[in-house]
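Everything on this sheet refers to the single structure shown next.
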Amino acid sequence: MNIAEHASTAADSPALITEGGPITFGELHSRSRRVAAVLHDAGLRRGDGVALVLPNRPEFFEITWGCQLSGLYYTAVNTHFTPEEVAYVIDDSDAKAVFVDASMDDLAAHVLKANARVGVRVAVGGALPGWQSYDDALAAAGAAPPASDGSEMLYSSGTTGRPKAVRRSLPADGNGSWAQSVLEMALIHKYGMDRSSVYLSPAPLYHAAGVNYTMAVHRVGAASILMRKFDAEAVLRLIETHRVSHAQFVPTMFVRMLKLPEAVRRKYDVSSLRCVIHAAAPCPVDVKHRMMEWFGPIIHEYYGGTEGFAGTTIGPEEWLAHPGSVGKPFSPVHVLGDDGVELPVGESGELFFEGGPDFEYFKDPAKTASVANDRGWRSLGDMGYVDADGYLYLTDRSTFMIVSGGVNIYPQEAENLLVMHPKLVDAAVFGVPNDEFGEEVKAVVQPVDGVAPGPDLEAELIAYCRAHLAGYKCPRTVEFDPELPRDPNGKLYKRRIRERYWQGRPSRIL
């Protein structure tokens, strides 16, 4: 269902729970129709593009639903991109309208110069020179256009080069976004969500999970809590206050919650939770065990990509029987070595999937073709293996595999171990140049407040790794950083750290 149907049958039910109070389905639909009218008045028609550069705020969904209900593509831009990266996405997406947060005045000024061909420029939450205010635009809107299905067109993170948009043909069956319709069915039939449910996700809305899951929750008719940004204790407070039934996190958020003082964790009642979902990165086994002990055996996991051709899910009981797995693939998976030959059960290689829906990387047929091999199997670039029962385990991205003396090392193991060390907040493990072996394992870590970095801590961390992992998998050196670069959804920009150590040196990644 879309919000028009809920607005007609349950107009007073909350669609969003915000700091300023609830926003009902009736209100969300009404304002979305005004957004659609603004864009239609400006000449946008079915298939045209709209870009949003917004933090987590209610207007985000007024705009995305306005686009989706009027046949437009909408692109949510990562708010942590540089002005040049934002301008690139606006240009590459062929956006004819841009919505930007009024707090981003420097970015807005850059877009004015770099994206001069964009005809509709709207500032949300205030006024900016050269931009129409959002409230003024809605107040002046004419009649909304006839209903027509639009869709999201989201970009990759850009951690391995220029980001590219995943684009599908606009739906013509009245079901709206393909991804959201699939998620709606999963929320209802797999995760037990109904109109009485309350959903919490602290993810940034520019992320596929942030926008698509929340809009799928709207399709179910349930309420979604809108958090400006993740805060571990605030999450627990919201769960207790609003009796949250469903929530979605990433492993980094689990770690942050687990590192709260025990007295803080026990202060809040989380018994209303019936289903917790996580994804976005492999979760350390110890972290998930501890979350199960705290929240109960209600934690589900999924794996996939915006492209849509790869996917798994795994429930709590399955995971407890196969700890570390992301589940059984929806379609046949093949684990291939560097020579393209399929590897036996238990051996790690690049994962290739059969089947799945068609998609394209917008305006990049070469990149679209590059994900498939000569047998038509497609890869997201992830490494992993399958066990004898058919369960899939991820080891790392193929681009971050370390080759040391001819041995393949997957740094995710050491990262997962280090991130739970009581003296660390975060950790990144990767390969750096070694004249004899080609690469060696290195860790860059972020100590907790009050812990002094230095040789003693470095020695302690290396010994800690060697006590739990084979020596060749462990970092030979450790350096310290006051804050590792992660986006708010927990994605570690490891490439940015790694680049420091490869300046002027040949690398199979750079």
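The values are calculated or read from the model by the stated rules, or taken from the named source; none is laboratory data. Owing to the predicted nature of the structure, the values given are computational and were not obtained by experimental measurement. So basically every Cβ, Gly included, is an ideal-geometry build from the backbone, and we count neighbours across all protein chains shown. SASA here: full protein model, heavy atoms, side chains in, ligands and nucleic acids out. Shrake-Rupley method; radii C 1.70, N 1.55, O 1.52, S 1.80 Å.
Structure notes:
- Condition met for Ile188 (closer than 21 Å to Arg274 by Cβ and in contact with an Asp or Glu (Cβ under 8 Å, 6 or more places away or on another chain)): yes
- Residue among Ser133, Ser148 that is in contact with a Gly (Cβ under 9 Å, 6 or more places away or on another chain), free of Cβ contacts under 8 Å to residues at least 60 places away in the same chain and either open to solvent by less than 60 Å² (accessible area, probe 1.4 Å) or among the hydroxyl-bearing types (Ser, Thr, Tyr) (or both): Ser133
- Residue that is farthest from the chain's Cα centre (by Cα), among those in region 259-286 that are closer than 26 Å to Val211 by Cα and modelled with pLDDT under 95: Pro284
- Selection count, region 217-265, where residues are β-branched (Val, Ile, Thr), in contact (Cβ under 8 Å) with a residue 12 or more places away in the chain and part of a helix (DSSP H, G or I): 7
- Residue in region 409-429 that is among the β-branched types (Val, Ile, Thr), outside any loop (DSSP other than H, G, I, E, B), touching a strand residue (DSSP E or B) at 6+ places or on another chain (Cβ under 7 Å) and without any contact (Cβ under 8 Å) to a residue 24 or more places away in the chain present: no
- Contacts under 9 angstrom Cβ, first residue in region 311-329 being among the acidic types (Asp, Glu), partner surrounded by fewer than 16 Cβ atoms within 10 Å (Cβ to Cβ), 6 or more apart: Glu317/Pro297
- Those residues of region 375-417 which are in contact with a Cys (Cβ under 7 Å, 6 or more places away or on another chain) and either open to solvent by less than 20 Å² (accessible area, probe 1.4 Å) or over 19 Å from Lys288 (Cβ atoms) (or both), in sequence order: Ala414
- In region 72-106, the residues that are part of a loop (DSSP other than H, G, I, E, B), modelled with pLDDT of 95 or more and surrounded by fewer than 24 Cβ atoms within 10 Å (Cβ to Cβ): Ser93, Asp94, Ala102, Ser103, Met104
- Residue satisfying all of: in region 310-331; within 18 Å of Gly381 (Cβ to Cβ) and not polar (S, T, N, Q); surrounded by the fewest Cβ atoms within 10 Å (Cβ to Cβ) among these: Gly311
- Val432 fulfils the conditions (1) open to solvent by 40 Å² or more (accessible area, probe 1.4 Å); (2) assigned to a strand (DSSP E or B) except for a single criterion, (1).
- Among residues of region 260-309, those that are open to solvent by less than 40 Å² (accessible area, probe 1.4 Å), among the acidic types (Asp, Glu) and in contact with a helix residue (DSSP H, G or I) (Cβ under 9 Å, 6 or more places away or on another chain), counted: 1
- Failed item, numbered, when Pro357 is tested on (1) of a type outside the set (Lys, Arg); (2) closer than 10 Å to Glu307 by Cβ; (3) surrounded by 20 or more Cβ atoms within 10 Å (Cβ to Cβ): (3)
Conditions (1) part of a strand (DSSP E or B); (2) closer than 26 Å to Ala140 by Cβ, marked per residue:
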| site | (1), (2) |
| --- | --- |
| Glu5 | no, no |
| Leu16 | yes, yes |
| Ser30 | no, yes |
| Val35 | no, yes |
| Leu39 | no, yes |
| Pro55 | no, yes |
| Phe60 | no, yes |
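- Yes/no for Thr24 being surrounded by fewer than 24 Cβ atoms within 10 Å (Cβ to Cβ), among the β-branched types (Val, Ile, Thr), modelled with pLDDT of 95 or more and in contact with a Ser or Thr (Cβ under 9 Å, 6 or more places away or on another chain): yes
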